[in-house]
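Heads up, the thing below is written out as structure tokens.
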Amino acid sequence: MRYNKPIPFGWFALEYSDQLAPGALKTLHYFGRELVLFRTEGGHARALDAYCPHLGAHLGHGGTVLGEHVACPFHGWQFDGDGVCREVPYANNMPPKVQQGPAMHSYPVLERNQMIWAWYHPNGAAPTFDVDEIPEFSSEEFTPPDTYDWEINTIVQECGENGADVAHFMFVHNAQEMPQGEVSMDGIRRLTRIKNKVPRLTEDGSFSEAEGDWEFIHVDSTNIGPGQTVQRISRAFEVIMLGTVTPIDDQRTHLRFAFTMPRTQTDMNQFLAEATRDNVVGGVEQDIPIWNNKRYVENPILCDGDGPIAKYRKWFSQFYAA
Ligand code: FES
Ligand SMILES: [Fe+2]
């Protein structure tokens, strides 16, 4: 085992909203557990642990959505989205145990930014914060999300450490110099602001380095809890990225990037925005081989040029349950 850490608690993305139609049910493997995600006929997304408390059938293999319930394929018991057994089709009396409350573990679920999110806590504690709304993801003036995803042999904490590890940008991402950013942390939020002076791209596609022609590119990256990152990259153009990391188990992670940009912008800005998106995607693909093969070093030997790695780790540790 390369990672010896528990799964952090927080909101984690399960699926894109448009991938779950009313009446649909999916099996997921996240948080080291088997889960079912379904959408009721009334349109509500719900998530339950997959194994039926009656005799253990897996609801993801033959289970069906009936109205607001999910029915087990083995003996037809029906559960609502809170995990309460609502119907035992052949029982004269409902077993006392199912009358006392939920018979199955359910996850708090919400839909935001065109994604379905579940709150995971190892002890089943209730949510202590929220998922940030990104207005552009529900705006008619912005493009539908352009999505990318990867399964990686790493943990959520390690993915986030990448932003604090400024030195790797020169070696993994061929940066000319280390990014200089301002980092601020406030409770569950962590904001990194980077401002880089870049030569202006002219209409003919060349870079102008003339005095007064330089402009700034701003990259604001906000972590909201362990599972959500919002990155805004702006220059003359604008790109907004929603990054999500979902623990598959305590050794593996599902990473997703969704990008949106203004529907109408000049051809040049469109070109720059797409190139920026490709650069972000290409960047993470440079990180993945390192993540896939590294291990966690609890007490690293750091030098004075390394970024705020220890501060990042201290911030992240708030998401490990006692
Ligand atoms: S195992 Fe699910 S109803 Fe029997
Ligand atoms: Fe990186």
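The values are calculated or read from the model by the stated rules, or taken from the named source; none is laboratory data. This is a predicted model, so every value here is computed, not measured. All Cβ positions, even for glycine, are placed from backbone atoms using ideal geometry, and neighbour counts span all protein chains on display.
Figures for the structure shown
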item: The stretch 235-254: number of residues that are crowded, with 21+ Cβ neighbours inside 10 Å and of a type in the set (Gly, Ala, Ser); result: 1
item: Subset of the stretch 163-191 that is of a type in the set (Val, Ile, Thr) and within 13 Å of ligand 2 (Cβ to nearest atom) - its residue that is nearest to ILE290 (Cα to Cα); result: VAL172
item: Residue in the stretch 284-308 that is farthest from ligand 1 (Cβ to nearest atom), counting only those that are at pLDDT 95 or above and within 22 Å of THR222 (Cβ to Cβ); result: ASP287
item: Every pair of residues 6+ apart whose Cβ atoms lie under 8 Å, when the first sits in the stretch 169-182 and is not assigned by TED's automatic domain parsing to the domain that holds SER221 while the second is within 16 Å of ligand 1 (Cβ to nearest atom); result: none
item: Scan of the stretch 83-93 for residues that are exposed (fewer than 15 other Cβ atoms within 10 Å of the Cβ) and touching a residue at least 12 places away in the same chain (Cβ under 8 Å), ordered by number; result: PRO89, TYR90
item: Helices (runs of 4 or more DSSP H) (entirely within the stretch 94-175) containing at least 1 residues that are surrounded by fewer than 17 Cβ atoms within 10 Å (Cβ to Cβ), out of contact with any Ser or Thr (no Cβ under 6 Å at 6 or more places or on another chain) and among the acidic types (Asp, Glu); result: none
item: Filtered residues of the stretch 248-266 (kept if in a loop (DSSP other than H, G, I, E, B) and farther than 11 Å from ASN153 by Cα); result: MET261, ARG263, THR264, GLN265, THR266
item: Options LEU37, LEU55; residue that is away from ligand 2 (no atom under 16 Å from the Cβ) and surrounded by 14 or more Cβ atoms within 10 Å (Cβ to Cβ); result: LEU37
item: Residue that is nearest to the chain's Cα centre (by Cα), among those in the stretch 305-317 that are assigned to a helix (DSSP H, G or I) and loosely packed, with under 14 Cβ neighbours inside 10 Å; result: SER317
item: Looking only at the stretch 23-53, and only at residues there that are without any contact (Cβ under 8 Å) to a residue 24 or more places away in the chain and part of a loop (DSSP other than H, G, I, E, B), the one that is nearest to ligand 1 (Cβ to nearest atom); result: ALA50
item: For ARG232: the one exception among (1) of a type in the set (Lys, Arg); (2) surrounded by fewer than 15 Cβ atoms within 10 Å (Cβ to Cβ); (3) in contact with an Asp or Glu (Cβ under 8 Å, 6 or more places away or on another chain); result: (2)
item: Filtered residues of the stretch 249-290 (kept if within 15 Å of ligand 2 (Cβ to nearest atom) and in contact with a Gly (Cβ under 7 Å, 6 or more places away or on another chain)); result: PHE257
